[in-house]
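K.L.:
Below you will find the structure I want to go over with you.
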Amino acid sequence: MKLNFNIEPLENWLSVKHQPLVIAGPCSAETEEQLVATAHLLAKTGKISALRAGIWKPRTRPGEFEGIGSIGLEWLNRAKRETGLPITVEVANAKHVEEALAAGVDILWIGARSTANPFTVQEIADALRGVDIPVMIKNPVNPDLSLWIGALERINQAGITKLAAISRGFSSYEKSAFRNEPMWELSIQLKTLCPELPIICDPSHICGNRELIPYISQKALDLEMNGVMIESHIDPSVAWTDAKQQLTPAALSDLIDNLTVRQPEPKDKGVSDKLAELRKQIDKIDDLVIQKIAERMNIVEKIGEHKRDNDMTILQLNRWDEIINKRAEFGKALKLDAEFTTKLLELIHAESIKKQTEIMNVTKVVE
């Protein structure tokens, strides 16, 4: 089911002179000199569409730097006057919205912590009612697609049609190379539900370190995201917040030069025809996969009936371990990723357990 959003195309509210779309600037506005100097260097590259800077910073614990505050709006406006770059800031309550609008901020964004709280999002939505300004909404901290959609709906229902989502990764207990797991599948689901919604990637918060930012930026573009928001500081080594994930303007310029912008569909008819033929082959195989899974589930139902009639438990760990070990080795031999094979088997196993549970709850027929 598609989501019913009323959204204007991205090009209606943000000029993109060069591909890809890049929003950049320091994690935090620290001093007027730091912000303006960074803005000038970014503008000089000719590759930046908008200047970002945090002035109100939601922090985990009191006593941490929570942003320079409202004075940062004056600094941003100076940077805007001197460079011509549109400016964007994060807002976390109605007061922030009112101050940002009064200062002439061009684009607002709602952060991950705010997105997670429907009351906060509704407060911001109420403050925006009747206002024509672009709003970007980051995904919530935890992997909850419904919360992300809900925040987008609240802002859209307030009359904001210049709307975009920002994918900044999700918290996870699993250790990995990333500060926040990309979980691309959630952004893909959102794009599937609302194809007209622009999605911008925030590689800085996904990565947590500058070394991985080029990889994630390219991955986002390859997944047909509309652009990137990357933190850039004139001297990241002395940044007050998130020093490890910020790039100098020069390094950011080099990163952009090395990104490849690909098109969703080929322009050459010969390439298009070849792609269509390969897709037909995939469609045929997908049909067979679905058919075989359905056949498997029919057998699962018979197993469930046998277990019910003989008072056996549904879960049998030895059998499950056998399936995982044998199929994982088989998948490896066929050059399938071990994690993929395991996740696929776990999904099928969960559905098998569900079906057997339903059968167990049906009273045995005595003839």
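K.L.:
What's the number of the condition Leu197 fails, among (1) more than 25 Å from Met1 (Cα to Cα); (2) in contact (Cβ under 8 Å) with a residue 40 or more places away in the chain; (3) aliphatic (A, V, I, L, M)?
P.N.:
Failed condition: (1).
K.L.:
Within segment 309-357, count every residue that is open to solvent by less than 100 Å² (accessible area, probe 1.4 Å), of a type in the set (Asp, Glu) and under 24 Å from Ile290 (Cβ atoms).
P.N.:
The total comes to 3.
K.L.:
Select, from Ala116, Ala177, the only residue that is farther than 16 Å from Asn6 by Cα and exposed (fewer than 15 other Cβ atoms within 10 Å of the Cβ).
P.N.:
Residue meeting the stated conditions: Ala177.
K.L.:
What are the pairs with Cβ atoms under 8 angstrom where one residue, in segment 151-166, is in contact (Cβ under 8 Å) with a residue 40 or more places away in the chain and closer than 10 Å to Leu197 by Cα and the other, located anywhere, is in a helix (DSSP H, G or I) and among the β-branched types (Val, Ile, Thr)? Sequence gap at least six, or different chains.
P.N.:
Listed by first residue and then by second, the contacts come to Leu163/Ile155.
K.L.:
Being open to solvent by less than 20 Å² (accessible area, probe 1.4 Å) and either in a loop (DSSP other than H, G, I, E, B) or touching a helix residue (DSSP H, G or I) at 6+ places or on another chain (Cβ under 7 Å) (or both) is the filter here, so list the residues in segment 226-238 that pass it.
P.N.:
Within segment 226-238, Val228, Ile230, Glu231, Ser232, His233, Pro236 qualify.
K.L.:
Are any of the residues in segment 19-33 in a loop (DSSP other than H, G, I, E, B), within 23 Å of Asp132 (Cβ to Cβ) and touching a residue at least 60 places away in the same chain (Cβ under 8 Å)?
P.N.:
Scanning segment 19-33 turns up no residue that is in a loop (DSSP other than H, G, I, E, B), within 23 Å of Asp132 (Cβ to Cβ) and touching a residue at least 60 places away in the same chain (Cβ under 8 Å).
K.L.:
Do any residues in segment 224-241 that are farther than 13 Å from Gly54 by Cβ have Cβ atoms under 8 Å from those of residues that are part of a helix (DSSP H, G or I) and of a type in the set (Phe, Trp, Tyr), where the two are at least six apart or on different chains, and which pairs are they?
P.N.:
If the second residue must be part of a helix (DSSP H, G or I) and of a type in the set (Phe, Trp, Tyr), no pairs are left.
Let's see how each residue does on (1) under 24 Å from Lys2 (Cβ atoms); (2) surrounded by fewer than 19 Cβ atoms within 10 Å (Cβ to Cβ):
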residue: Gly67; (1), (2): no, no
residue: Leu85; (1), (2): no, no
residue: Ala92; (1), (2): no, no
residue: Ile107; (1), (2): no, no
residue: Ala125; (1), (2): yes, no
residue: Val131; (1), (2): no, yes
residue: Asn139; (1), (2): yes, no
residue: Leu145; (1), (2): yes, yes
residue: Ala151; (1), (2): yes, no
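K.L.:
Asn361: within 19 Å of Lys302 (Cα to Cα), exposed (fewer than 10 other Cβ atoms within 10 Å of the Cβ), of a type outside the set (Asp, Glu) and without any contact (Cβ under 8 Å) to a residue 12 or more places away in the chain, yes or no?
P.N.:
Against the criterion (within 19 Å of Lys302 (Cα to Cα), exposed (fewer than 10 other Cβ atoms within 10 Å of the Cβ), of a type outside the set (Asp, Glu) and without any contact (Cβ under 8 Å) to a residue 12 or more places away in the chain), Asn361 qualifies.
K.L.:
When Tyr215 is evaluated against the numbered criteria (1) free of Cβ contacts under 8 Å to residues at least 60 places away in the same chain; (2) open to solvent by less than 40 Å² (accessible area, probe 1.4 Å); (3) hydroxyl-bearing (Ser, Thr, Tyr), which criterion, by number, is the only one it fails?
P.N.:
(2)
K.L.:
Has segment 6-18 got any residue that is over 27 Å from the mean Cα position of the chain (by Cα), within 27 Å of Ile213 (Cα to Cα) and buried (at least 16 other Cβ atoms within 10 Å of the Cβ)?
P.N.:
No, because not a single residue in segment 6-18 is over 27 Å from the mean Cα position of the chain (by Cα), within 27 Å of Ile213 (Cα to Cα) and buried (at least 16 other Cβ atoms within 10 Å of the Cβ).
K.L.:
Now a separate question. Give the residue, chosen from Gln263, Gln291, Gln316, Gln281, that is free of Cβ contacts under 8 Å to residues at least 40 places away in the same chain and closer than 30 Å to Ile23 by Cα.
P.N.:
On inspection, the qualifying residue turns out to be Gln263.
K.L.:
Given Arg81, Arg59, which one is open to solvent by 30 Å² or more (accessible area, probe 1.4 Å), basic (Lys, Arg) and either at pLDDT 95 or above or not in a loop (DSSP other than H, G, I, E, B) (or both)?
P.N.:
Sole residue among the options that is open to solvent by 30 Å² or more (accessible area, probe 1.4 Å), basic (Lys, Arg) and either at pLDDT 95 or above or not in a loop (DSSP other than H, G, I, E, B) (or both): Arg81.
K.L.:
Would you confirm whether any residue within segment 255-262 is open to solvent by 20 Å² or more (accessible area, probe 1.4 Å), in a loop (DSSP other than H, G, I, E, B) and among the basic types (Lys, Arg)?
P.N.:
yes
K.L.:
Any idea how many residues of segment 278-322 are within 24 Å of Asn361 (Cβ to Cβ) and of a type outside the set (Gly, Ala, Ser)?
P.N.:
25
K.L.:
Identify the single condition in (1) in contact (Cβ under 8 Å) with a residue 60 or more places away in the chain; (2) open to solvent by less than 60 Å² (accessible area, probe 1.4 Å); (3) part of a helix (DSSP H, G or I) that Leu41 does not satisfy, given that it satisfies every other one.
P.N.:
Unmet condition: (2).
K.L.:
Of the numbered conditions (1) closer than 19 Å to Val22 by Cα; (2) assigned to a helix (DSSP H, G or I); (3) open to solvent by less than 10 Å² (accessible area, probe 1.4 Å), Leu190 fails exactly one; give the number of that condition.
P.N.:
For Leu190, the failing item is (1).
K.L.:
Is it fair to say Val91 is closer than 19 Å to Ile137 by Cβ and either touching a helix residue (DSSP H, G or I) at 6+ places or on another chain (Cβ under 6 Å) or of a type in the set (A, V, I, L, M) (or both)?
P.N.:
So Val91 fits the description; yes.
The values are calculated or read from the model by the stated rules, or taken from the named source; none is laboratory data. The structure displayed is predicted, hence computed values, not measured ones. Virtual Cβ from ideal backbone geometry, glycine too; neighbours counted across all protein chains shown. Remember, those area values only see protein heavy atoms, side chains included, never the ligands or the DNA or RNA. Shrake-Rupley method; radii C 1.70, N 1.55, O 1.52, S 1.80 Å.
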